[in-house]
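Each reported figure results from applying straightforward, stated rules to the coordinates on display, with no laboratory input. These numbers come from a predicted model, not from an experiment. Cβ atoms come from the backbone with ideal geometry, glycine included; neighbour counts cover every protein chain shown.
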Amino acid sequence: MKHGKKVNHLSRKTAHRKAMLSNMSCSLIEHKRINTTVAKAKALKQFVEPLITKSKEDTTHNRRLVFSKLRSKEAVTELFRDVAAKVADRPGGYTRIIKLGNRLGDNADMAMIELVDYNEVYKLDATNKKSSTRRSRRSKSSSKTSPVVENNTNEEE
C-alpha cells in the first residue's frame, strides 16, 4: 500500500535529496531552464513551485522561508526581483516539463524543465494564433461561383 508516500525518494538519503533539489532549483532560477531526468524534474517541480508562490509576496518572512530551502542569496534575490515580477498574475503552474527522449549512456528518460514565462517560442505562438472559424458558416454558393465565372471570362478572351 502507498499510504503517506508522497515524496519520490530518488534513491537518495534525505540530506542528499534536499541538497540536490536545492541546487537544481537554484540552477533553474538562474538559467530559467535545465535538462535532467524525468523523475528529478517531477520532484523539482513539487519543490520549486511553492517557493515561486511565496516569492510573489515580498516580505522578510517569505524571503527567510525561501532562503532556508535554497541556501543561495543570489537565487533568492533573482527569484524575488525578476521571477516574481513575471509570474505575478499567474495563479500557478510556473514550470513546464518537456520530455526529450532517452540518454545515450544509460537510456534514462530525459526532460527539460523550464519556467513558463521565460519561453518566448510558446508566447509568440499563443499571441499570433488566429481565431478559427467553422467552414459550414461560410456561404458556399457565392464564394465558389464567382471565381469560376471570372476564370471562364479570362479564358474566353
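Points to keep in mind about this one:
- Cα-based Lys pair tally, the range 14-118, threshold under 15 Å, eight or more apart or on separate chains: 14
- Backbone amide hydrogens, once placed in the peptide plane, bring T37 within less than 5 Å of A111, excluding anything fewer than 5 places away on its chain.
- Hydrodynamic radius of the range 14-118 per Kirkwood, over alpha carbon pairs, in Å: 14.0 Å
- Phi angles of the range 48-60 translate, via the Karplus equation with coefficients 6.51, -1.76, 1.60 and θ = phi - 60°, into HN-Hα couplings of 8, 5, x, 5, 5, 5, 5, 6, 5, 10, 7, 10, 4 Hz per residue; Gly and Pro are given as x.
- Scanning residues 5 or more positions from A108 or on other chains, those with amide H under 5 Å from its amide H are R103, with H placed 1.01 Å from N in the peptide plane.
- With the charge dipole of the range 14-118 set up from +1 on Lys and Arg Cβ and -1 on Asp and Glu Cβ about the Cα centre, the Cα lying farthest toward the positive end among the listed residues A111, L70, A19 is that of A19.
- Counting 0.36 nm for each residue step from V38 to R135 and taking away their Cα separation leaves a gain of 30.8 nm.
- Length gained on full extension, H9 to K73, computed as 0.36 nm times the residue gap minus the Cα-Cα distance: 20.4 nm.
- Label point 7 Å beyond Cα of R81 along Cβ direction - residues of the range 12-45 with amide nitrogen under 16 Å: 29-32
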